[in-house]
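This report refers to the structure that appears directly beneath it.
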Amino acid sequence: MPTTPLVPATATFAEVMSRALYDPALGYYGRGPRRIGRSGDFFTAVSVGPLYGQLLAQVACDVWESLGRPTDFTLVEQGAHDGQLAEDIWNGWPSGQKPRYAIIEPQPAYREAQRARLEPLMGDQIAWSESVSSFDLPSSSFFLSNELLDAFPVHRVRWTGNAWKELHVTPALEWIEGELSDAARAEVALLPNELPVGYTTEVHPAAVEWMKAMAALPFRGAILIADYGYEAAEYYTPERADGTLRRYFNHRSDGNALDRLGECDLTAHINFTRLIHIAEAAGLTVERFMDQGRFLTHAAMPWLKSLDGKPMSSATATALRQFHTLTHPTHMGAAFRMLLLKKDHH
């Protein structure tokens, strides 16, 4: 049987996923930024072109305006990858007064790649921190996570007909049914149980803890989460009997999450209903929650109106092609959800 140093002993899938993605020596992301786009393992909104960042800049700028244009306003990005989105947002900022930019990045190889790209562009306007807790967050901020939470470790669970069991992973890379881990138990208690025997899905305690930590941070502004995801009623349908956990390798996606651990991206869709519940319980307000197509169309209205009556330049034609890819339901418009949370309290 295949074995890997990433699974030295039987463990929850969350532990395995964490090592497979983030282990400094063996993890898919741990070794440094991955290629994105046609030559990589996956394709993202950022790889479509700079328009995505320009539209997010408009969203962030609207928040800045609503706060009265504070001088300490900072864009904070977690999961910045190679810094491309930060560059696109910075270049697309619609006001002459640029914000500060901060990146939360625990991995040294990523910080180096981001510095090489962004310091020549932003100079002393950009800063890094290894964690949210170690970052001295400005009082007015726009916090951005783009395809961050789908790579947070998840626990795999299976319905036996009368109870939920957790799926653990053996050193021989086989699934084995066992008792619920302490980390998973509270989230599993919220799952429906009118489901077929053998129904398998995921719970997201790491994403829940992240949302709680975000809500507790002392700043005014907004939090934008852009990611693969569903609302709970859509997530836990009887038809989705094998959950949403997927492996990405060379632009192919499958459910063989234990194959080639450390060489492939692993993702699971976000339960946005759960995140919204946590956020609202902590006093945040849902400003907008919709699929990417509608969200970006809303953000693009000032730009689209500015095109009225103007001759079509090649640059505009290129941007409109990007807009179509980002917003059309058959491209990326329906696959992603975007949640903008307003945060009023320090």
query: Given R₀ = 35 Å, FRET efficiency for Glu119-Ala281 by Cβ-Cβ distance, to 0.05?
result: 0.35
query: Hey, which of these cross-link pairs are over 29 Å Cα-Cα: Lys98/Lys305; Lys98/Lys343; Lys165/Lys343; Lys305/Lys342?
result: Lys165/Lys343
- request: Give the share of C-alpha pairs in each 5 angstrom bin for segment 150-216, from 0 to the last occupied bin, in whole percents, shortest bins first.
  value: 3, 17, 25, 23, 17, 9, 5, 2, 0
- prompt: At q = 0.19, 0.21, 0.25, 0.30 Å⁻¹, what log₁₀ I(q)/I(0) does a Debye calculation on the Cα points of segment 72-130 give, no solvent, two decimals?
  reply: -0.60, -0.73, -1.04, -1.48
field: Span-like helix ranges in the chain, DSSP H, alpha carbon extent 15 angstrom or more, Kyte mean at least 0.5
entry: 51-66, 205-216
message: Whole-Hz ³J(HN,Hα) for each residue in segment 134-150, computed from phi via Karplus 6.51 cos²θ - 1.76 cosθ + 1.60 with θ = phi - 60°, x for glycine and proline: what do you get?
response: 8, 9, 7, 6, x, 5, 10, 8, 10, 9, 10, 10, 10, 6, 9, 5, 5
query: Could you list log10 I(q)/I(0) for segment 59-213 at q = 0.13, 0.15, 0.16, 0.21 Å⁻¹, which the Debye formula gives when each Cα is one point scatterer?
result: -0.74, -0.84, -0.89, -1.26
query: Using a ≥ b ≥ c from the Cα gyration tensor of segment 190-264 (square roots of the eigenvalues), is it rounded, prolate or oblate, where a/c under 1.5 gives rounded and otherwise the larger of a/b and b/c decides, a/b for prolate?
result: oblate
query: log₁₀ I(q)/I(0) of segment 288-346 at q = 0.12 Å⁻¹, via Debye over equal Cα point scatterers, no solvent, to two decimals?
result: -0.37
task: Mind jotting down the three principal axis lengths of segment 178-334 based on Cα atoms? Whole angstrom, largest first.
output: 65, 41, 32
task: Give me the percent of Cα-Cα pairs in the chain that sit more than 29 Å apart, rounded to a whole number.
output: 41
query: Taking the simple approach of a point 7 Å from Cα along Cα-to-Cβ for both Ser133 and His328, what is their distance in nm?
result: 4.6
query: Around Leu144, which amide H atoms from residues at least 5 apart in sequence, or from another chain, sit under 5 Å from its own amide H, with H modelled in the peptide plane?
result: Val76, Glu77, Gln78, Leu224
field: Translational diffusion coefficient (Stokes-Einstein; Kirkwood radius from C-alpha pairs) of segment 21-128 at 10 °C, 1.306 mPa s, in µm²/s
entry: 108
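Read the figures in this text as sums done on the coordinates, not as results from a lab. Keep in mind it's a predicted model, so treat the numbers as computed, not measured. FYI the Cβ positions are ideal-geometry reconstructions off the backbone, even for glycines, and counts take in every protein chain you see.
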